[in-house]
Amino acid sequence: MPIKIPQVKSYKTFSKEGLKKTFAPRNFVKQMASDGFLPVILLEAFVEGGRTYQAYQRGGFDEARERITEEFSGAVFWLGGVTGLNWLFEKLGQKLLKLPNETVDIASDAVRNPLDNFLVQEVKKDGTKITRDLMARFKFAKVISSVLLANAFIGFCLPKINQAITRSYHKNDKNKQQAQPQDDFVKNLSMNDFEQDKKDVTFGGGWDLLTIANNFESKRNWKLLSVDAGTATGRAYSARNNDERIEILFRDLSSIFFYMFNMNLINKGLNKLEQGRTSRLDPVSANFATEYMSNYIDTKDSQKVTLEEFKKEFLGTEKEIPEAIKAKFANGSIINLKDFKSELEKLNLPEEEFKQLIENASKMSELQPQIKGQSILTKGQVADIFKGGHINNPEFLKEFYKDNLGTSFMNKYKYVSQDKLDAIKADLTAYVESIVQDAKSANIKEITKDVLNRASKKNFKLNALNWGTGFVISAAFLSTIIPKLQYLITKLRTGQDNFPGTAEFREKQA
């Protein structure tokens with residue numbers, strides 16, 4: 001059977017047998033909702049096409065050529081510059097500073113500290129010990145150098161190269177008219193000119209050196225914003241006149257919001273309206289949980305279960321953590337597994353329940369690496385151990401987190417924020433609770449596979465709708481509305497609707 005029900009019904013064993021692989025549309029929506037680069041890259045397809053078209057409508061070949069060159073070339077460094085340079089400097093550090101080849105995350109919280117795990121045992125090739133100060137200085141120097149180099153190319157080198165191409169073009173063809181659109185140019189454009197999954201250089205997107213370095217090294221928005229800051233400054237400095245400078249600053253600064261923040265805010269707002277909370281379980285995780293719950297229904301001869309039994313079986317029963325155990329939490333967030341077991345022994349619980357709690361605690365402690373050789377539990381995990389229920393079962397949670405995050409959350413040299421894991425777990429709990437609540441609202445007394453499938457489809461549709469709405473709004477502003485406003489500003493200031501970058505050539509022709 002996919003699900004085994006032991007005698008102690010508060011705790012369940014888990015099996016992935018029978019769980020189906022999530023299909024592509026759900027994975028796509030999940031990636032659109034992530035803090036990765038896919039949403040930004042997809043926006044680039046619209047940005048490059050829209051901005052190049054808008055540029056041609058106003059400034060003809062010159063402005064369109066500059067836009068597509070700037071958007072495509074800048075995208076490479078805006079999206080991948082800091083990441084690529086980080087990788088290069090990491091290799092140089094391993095070679096020049098004799099650092100080991102192991103790549104170690106430097107972020108930490110009360111539950112995970114990859115750098116401490118690394119420093120406990122690592123020495124350089126010459127036999128000297130690697131220190132925290134050495135790692136901090138290296139990581140900080142690495143990310144700052146990466147940011148500065150990416151900014152230098154996008155903000156200073158690329159604009160000068162673009163301007164030089166335009167000057168060369170005018171030098172070789174002085175009779176070419178720039179102000180009016182040319183039908184032949186539009187006809188000769190290939191679809192490839194408008195379908196690059198890249199980005200304009202414009203935007204992106206008590207602290208110590210390690211904190212700053214980690215943010216630049218691992219967080220998408222920090223990488224993009226760090227390049228944006230230098231990009232906007234460099235482009236404005238490199239502008240050929242004040243009119244072009246004002247356009248650049250307006251375009252680059254106003255676009256930051258729609259690249260990095262708008263989609264998330266729209267999603268949170270719509271979620272709040274639909275369900276009363278700002279976050280929602282992603283469709284891949286919802287599919288995983290639904291398959292598991294469906295397999296549970298398959299173990300019932302009647303292929304259904306009462307609403308109350310379903311709620312208890314999956315959500316467990318709320319129980320207070322014993323005060324003696326609460327007192328053992330370090331800084332209110334973690335407890336040593338040995339201390340937990342020791343305090344549990346003092347509670348004089350029934351033998352079967354005691355054994356089950358000990359077993360679940362041991363398995364729950366495997367969801368994070370040991371700290372200095374000691375297994376730990378978080379406060380939330382301890383609460384789940386006492387609560388019981390399928391979704392609080394450590395065997396289920398391990399597979400659920402793997403499906404969502406891979407195995408990085410258990411790797412002692414990798415960092416996954418415990419807050420992120422807690423948020424995913426909270427969304428899972430809310431998803432199961434929504435199934436119960438929707439059934440009550442529809443006066444459904446029993447949970448069947450059909451009820452579960454409808455819940456999963458609803459989750460997918462709302463995720464797609466909410467993130468899709470944010471994407472469409474961002475694409476519209478970045479590709480069309482912001483360029484039009486940018487051109488309007490110049491028209492209102494100068495009385496002319498021309499490309500400021502070629503003003504000197506028009507003056508010579510006048």
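The values are calculated or read from the model by the stated rules, or taken from the named source; none is laboratory data. The structure displayed is predicted, hence computed values, not measured ones. Here the Cβ is made from the backbone with ideal geometry for all residues, glycine too, and neighbour counts use every protein chain on show. We work out accessible area using only protein heavy atoms, side chains counted, and drop any ligands, DNA or RNA first. Shrake-Rupley method; radii C 1.70, N 1.55, O 1.52, S 1.80 Å.
Using only the Cα atoms of the stretch 269-391, each taken as one equal point scatterer with no solvent, compute I(q) by the Debye sum, divide by I(0), and report log10 of the ratio at q = 0.10, 0.16, 0.17 Å⁻¹.
Log10 of I(q)/I(0), two decimals: -0.44, -0.97, -1.03.
Suppose R0 equals 51 Å; then what is the FRET efficiency for K402 and N242 from their Cβ-Cβ distance, rounded to the nearest 0.05?
In this case the efficiency is close to 0.35.
In what order, largest first, do T378, T317 sit by accessible area if the probe radius is 1.4 Å?
Final ranking, largest accessible area leading: T317, T378.
Give K312/K461; K311/K461; K272/K311; K30/K341; K346/K412; K328/K440 a once-over and call out the pairs whose C-alpha atoms are over 29 Å from each other.
In this structure, K30/K341; K346/K412; K328/K440 lie more than 29 Å apart at Cα.
Take E504 and T306, extend 7 Å from each Cα along the Cα→Cβ direction, and tell me the distance between the two endpoints in nm.
Here the answer is 8.4 nm between the modelled labels.
Quote the accessible area belonging to Y56 in square angstrom, nearest 10, computed with a 1.4 Å probe and with ligands, DNA and RNA left uncounted.
10 Å²
Say each of T469 and K484 gets a label point 7 Å from the Cα, pointing the same way as Cα to Cβ; how far apart are those two points in nm?
With each label placed 7 Å out from Cα toward Cβ, I get 2.2 nm.
With charges only on Cβ, +1 for K and R and -1 for D and E, what is the dipole size of the stretch 287-343 about its Cα centre, in debye, rounded to 20?
Taking the Cα centre of the stretch 287-343 as origin, the dipole is about 220 debye.
When the Kirkwood hydrodynamic radius is evaluated over all pairs of different C-alpha atoms of the stretch 403-454, what value in angstrom, to one decimal, is obtained?
Kirkwood hydrodynamic radius for the stretch 403-454: 13.3 Å.
With every protein chain kept in the model, how would you rank S285, S333 by accessible area, 1.4 Å probe, largest at the top?
Accessible-area ranking of S285, S333, largest first: S333, S285.
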